[in-house]
Structures are given as structure tokens and as C-alpha cells.
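Notes to accompany the following structure.
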Amino acid sequence: MLINPNTSTATTAMMTAIARRTLGARPGGRAVRGVTVTRGPGMLTDPAALRAAAPEVLAAGLRAEAEGDCAALLVGAFGDPGLEALRAATGLPVAGLGEAALLEAAAGGTPFGVATTTPLLAEAIAARVAALGLADRYTGIRLTAGTPERLSADPSLLLDRLERAVRACAERDGARAVVIGGGPLGEAAEELRARCAVEVVAPIPAACRALSRLPAG
């Protein structure tokens with residue numbers, strides 16, 4: 001089950017569709033189901049929003065486990081709110097977009113950067129990189145021009161600004177892989193993989209791949 005920590009049902013549908021395409025139809029597998037938290041902001045753009053989302057994510061995961069028809073949990077936000085709490089409180093495999101994408105980008109010692117739309121989360125992202133032991137491979141973050149709200153309302157502009165940020169990571173910072181930092185940026189991340197010469201790590205597929213490597217719950 002994919003848990004969307006913001007209250008946008010459209011974002012839930014988009015992320016769930018990407019997860020389904022990534023995981024595909026597997027014999028004996030279960031369909032990917034997306035759920036939206038019942039309370040919280042429409043976008044997670046600052047540390048306070050991430051902290052507020054964590055208990056809502058935990059509650060959604062506990063409900064899913066209690067229902068008995070959930071094989072794994074995916075936290076659908078780059079800041080991974082509630083990820084560790086879910087791991088501690090449930091017996092299910094759990095993956096988060098941020099953790100999975102950062103680890104995948106850094107595999108084999110690859111220098112990597114992050115391109116995203118949320119300047120207020122830049123320090124939190126750097127702290128997450130350090131907590132995962134990846135600071136020596138981190139080339140830094142590149143931020144898009146324009147507010148997250150403005151960009152989310154204009155997919156063409158969002159794609160253009162993210163592409164500029166990805167290219168800056170590669171050409172100015174020396175990144176050989178670039179993580180797109182945001183669950184709601186999932187569709188743009190998919191498109192950028194075909195548009196950019198550098199390796200672009202899309203967070204939703206990365207988290208799905210991480211889940212597929214975990215023992216079944």
C-alpha cells in the first residue's frame with residue numbers, strides 16, 4: 001500500500017499509477033493500493049509539515065495492517081515522514097521515497113545530487129543524506145526557481161525548471177546521478193529520465209524496487 005502523506009487525492013492517484021507500472025503484474029502478487037491521509041497540508045514544503053504528517057502516516061499504516069490485506073507499505077513523500085515509526089510498529093516491509101532514492105543514486109560510490117522544488121527542506125535533505133552515511137558522495141542540492149505551489153499548477157513549467165536543476169547538478173556540481181526530490185514530482189521525474197543525459201533517479205520506482213528486495217511481510 002502506498003501512503004500519501006499530503007491530502008491531495010490527485011497526487012495519490014498519480015503516485016499509485018507509477019507504483020503499479022513499476023511493480024507490474026506478478027504471479028500471486030497483490031494490487032497496489034493508494035491511500036491519502038485524512039488530515040494535514042496539501043503539500044509538504046517545510047520541516048513542520050513533515051513532522052505533522054508523521055503520525056498520520058503511522059495511523060494509516062496501522063489501519064492497513066489491522067485490515068489484514070496489506071503485504072508492504074510505501075511512504076509516498078521524499079521526507080519519509082513516519083517511516084521509522086512504521087518499521088517499529090508493524091511487521092510489514094516498509095520503504096520510503098527519500099531513503100530508497102538516495103541509496104539507489106549513491107550505489108557503487110556514485111556522486112549524486114538532488115533536484116527539487118522545496119527550498120525549506122534543503123537542510124532536512126542534507127541531514128537525511130548524512131544519516132544514511134552518504135555525505136561523502138553528495139554533490140549538493142539544486143532548487144527550482146518559483147514556489148512549489150506555482151510549479152505544481154503548471155506541469156510544463158515544472159518540467160522545465162526541474163530539467164534546469166538536474167543539468168546544474170551534473171554540469172556544475174559533478175553529479176553522475178540526480179535524485180528528483182518529491183513524490184508529487186513523480187511524473188516529471190519519469191519524463192526527465194528520457195530528457196537528461198545524466199542518470200535521473202525517480203523516487204517512486206526506486207522505492208518500489210527497494211520494497212521488492214525486502215522479505216515479504
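The values are calculated or read from the model by the stated rules, or taken from the named source; none is laboratory data. In this text, all values refer to a predicted model and were calculated from it rather than measured experimentally. Please note: Cβ atoms are built from the backbone with ideal geometry, for glycine as well, and neighbour counts cover all protein chains shown. Calculation scope for accessible area: heavy atoms of the full protein, side chains included, ligands and nucleic acids excluded. Shrake-Rupley method; radii C 1.70, N 1.55, O 1.52, S 1.80 Å.
Report yes if ALA107 is of a type in the set (A, V, I, L, M), free of Cβ contacts under 8 Å to residues at least 40 places away in the same chain and outside any helix (DSSP H, G or I), otherwise no.
Values: of a type in the set (A, V, I, L, M): yes; free of Cβ contacts under 8 Å to residues at least 40 places away in the same chain: yes; outside any helix (DSSP H, G or I): no.
No, not satisfied.
Could you please let me know if VAL75 is aliphatic (A, V, I, L, M), at pLDDT 95 or above, under 30 Å from GLU163 (Cβ atoms) and open to solvent by less than 10 Å² (accessible area, probe 1.4 Å)?
Here the answer is yes, as VAL75 does meet what is asked.
Would you mind telling me which numbered condition in (1) touching a strand residue (DSSP E or B) at 6+ places or on another chain (Cβ under 8 Å); (2) crowded, with 23+ Cβ neighbours inside 10 Å; (3) part of a helix (DSSP H, G or I) ASP80 fails?
All conditions are met except number (3).
Of the residues ALA17, ALA59, which is open to solvent by less than 50 Å² (accessible area, probe 1.4 Å), out of contact with any helix residue (DSSP H, G or I) (no Cβ under 7 Å at 6 or more places or on another chain) and either in a loop (DSSP other than H, G, I, E, B) or closer than 22 Å to LEU151 by Cβ (or both)?
ALA17
Looking only at region 125-142, filter to residues that are touching a residue at least 24 places away in the same chain (Cβ under 8 Å) and under 16 Å from the mean Cα position of the chain (by Cα); which one of those is farthest from GLY82 (Cα to Cα)?
So, considering only residues that are touching a residue at least 24 places away in the same chain (Cβ under 8 Å) and under 16 Å from the mean Cα position of the chain (by Cα), the one farthest from GLY82 (Cα to Cα) is ILE141.
Output the residues belonging to region 146-175 that are open to solvent by less than 60 Å² (accessible area, probe 1.4 Å), in a loop (DSSP other than H, G, I, E, B) and modelled with pLDDT of 95 or more. Write out each step before concluding.
Step one: filter region 146-175 for residues open to solvent by less than 60 Å² (accessible area, probe 1.4 Å), giving 146, 148, 151, 154, 157-160, 162-163, 165-166, 168-170, 173-175.
Then keep just the ones that are in a loop (DSSP other than H, G, I, E, B); that gives 146, 154, 173-175.
Within region 146-175, ASP154, ASP173, GLY174, ALA175 meet the criteria.
Looking at GLY91, GLY146, GLY96, which one is touching a Lys or Arg at 6+ places or on another chain (Cβ under 9 Å), of a type in the set (Gly, Ala, Ser) and touching a residue at least 12 places away in the same chain (Cβ under 8 Å)?
GLY146
Go through region 43-53 and give me each residue that's open to solvent by 30 Å² or more (accessible area, probe 1.4 Å) and under 23 Å from LEU92 (Cα atoms).
Listed by number, the residues that qualify are ARG51, ALA52.
List pairs: first in region 44-69 and farther than 17 Å from ARG87 by Cα, second surrounded by fewer than 17 Cβ atoms within 10 Å (Cβ to Cβ) and not hydrophobic (A, V, I, L, M, F, W, C), Cβ under 9 Å, 6+ apart or cross-chain?
THR45/PRO119; THR45/THR147; THR45/GLU149; PRO47/GLU123; ALA52/ARG39; ASP69/ARG30; ASP69/ARG33
When you check ALA189 against the structure, is it aliphatic (A, V, I, L, M), closer than 27 Å to PRO41 by Cβ and either open to solvent by 40 Å² or more (accessible area, probe 1.4 Å) or not in a strand (DSSP E or B) (or both), yes or no?
Criteria met by ALA189.
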